[in-house]
1. Report yes if Leu196 is closer than 28 Å to Asn78 by Cα, out of contact with any Cys (no Cβ under 7 Å at 6 or more places or on another chain) and open to solvent by less than 60 Å² (accessible area, probe 1.4 Å), otherwise no.
2. Between Asp57, Asp84, which is charged (D, E, K, R), out of contact with any helix residue (DSSP H, G or I) (no Cβ under 7 Å at 6 or more places or on another chain) and open to solvent by less than 50 Å² (accessible area, probe 1.4 Å)?
3. Tell me which of these Gly224 doesn't satisfy, since it passes every other one: (1) on the phi > 0 side of the Ramachandran plot; (2) in a helix (DSSP H, G or I).
4. Which of the numbered conditions does Asp70 fail, given that it passes all the others? Conditions: (1) assigned to a loop (DSSP other than H, G, I, E, B); (2) without any contact (Cβ under 8 Å) to a residue 12 or more places away in the chain; (3) under 22 Å from the mean Cα position of the chain (by Cα).
5. Any residue in segment 221-240 that's in contact (Cβ under 8 Å) with a residue 40 or more places away in the chain: show its pairings with residues that are of a type in the set (S, T, N, Q) and in a helix (DSSP H, G or I) at Cβ separation under 6 Å, as long as the two are six or more apart or on different chains.
6. Going through Phe184, Phe130, Phe173 one at a time, which residue ends up being at pLDDT 90 or above, open to solvent by 60 Å² or more (accessible area, probe 1.4 Å) and under 28 Å from Leu71 (Cα atoms)?
Amino acid sequence: MPAALETLVNGYKYRYFSNAVIFHLFKQIHTDEPRCVFLENLPLISKKLKVIDSYIDQAGQVLQQVQSFDLANSEVENALHIFDEIVMRIHFALEADQRVSNNHNLPADDDNRKDLYFLVKPLIEKMLNFSSQITDKGMLVGHTAHYLIETLNLVISYDPKDILSMVANITRFSMQVGYTFDSFAIKEIVSLTEKLLADHRELLLQEGPFQDLLSILEIHINSGWVDALELLWRLDEVFK
């Protein structure tokens, strides 16, 4: 491993350093670039994401090895913070409008966004896999869950079946910390469900995706959200 890359990978041990690495690596990804430029930069983007992948592995190993899960444990807290920081930067990188400055945004190229989504998808899946192993029910802190669902909602048209499955897992894991009681949570689920009904109705005719959406709505119904119950009635009307 080149010395510079090894330094970045080892930076996981130092919270402020690793935060800076995550921030700067994602800041250098520009989906508003001309398509040809973005394609030329794809190998470099992939190389940068390997550093992010190594941080996820290191954080995940910490979470796996903890004998008694405790949010006050500094190593656990840092591992969860790493996940949160990565998810937040993925979110900003996949926004439809790229922030050039405080007062200036540029529209992202949709093909660039799609390519980037499929590059970061394995990172998201890996974080969810590690999250599934925290306690016997899985766990994901609310802030991380919100950014993940919001991000997947932005790009659902690229990969609706797998995104719905991921959102179902995020909902289950974040339920453990009470995120499903948050009004921001139901707002995203309403938006996601409406997109599925409008643009991907045929997907919901499949047993797996339909059950994923049903499980999401049931969790939010049990959290007291009438909006989720109304969506369930709409599903019943459409597919009965």
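1. In short, no.
2. Result: Asp57 is the single residue among Asp57, Asp84 that is charged (D, E, K, R), out of contact with any helix residue (DSSP H, G or I) (no Cβ under 7 Å at 6 or more places or on another chain) and open to solvent by less than 50 Å² (accessible area, probe 1.4 Å).
3. Condition not satisfied by Gly224: (2).
4. (3)
5. Close Cβ pairs (under 6 Å, with a partner that is of a type in the set (S, T, N, Q) and in a helix (DSSP H, G or I)) amount to Ser223/Thr180; Leu231/Thr193.
6. Phe184
The values are calculated or read from the model by the stated rules, or taken from the named source; none is laboratory data. Predicted model, so just to flag it, every value in this text is computed and none were measured. Heads up, the Cβs are rebuilt from the backbone with ideal geometry, glycines too, and the neighbour counts pull from every protein chain shown. The area values use the complete protein model at the heavy-atom level, side chains included, leaving out ligands, DNA and RNA. Shrake-Rupley method; radii C 1.70, N 1.55, O 1.52, S 1.80 Å.
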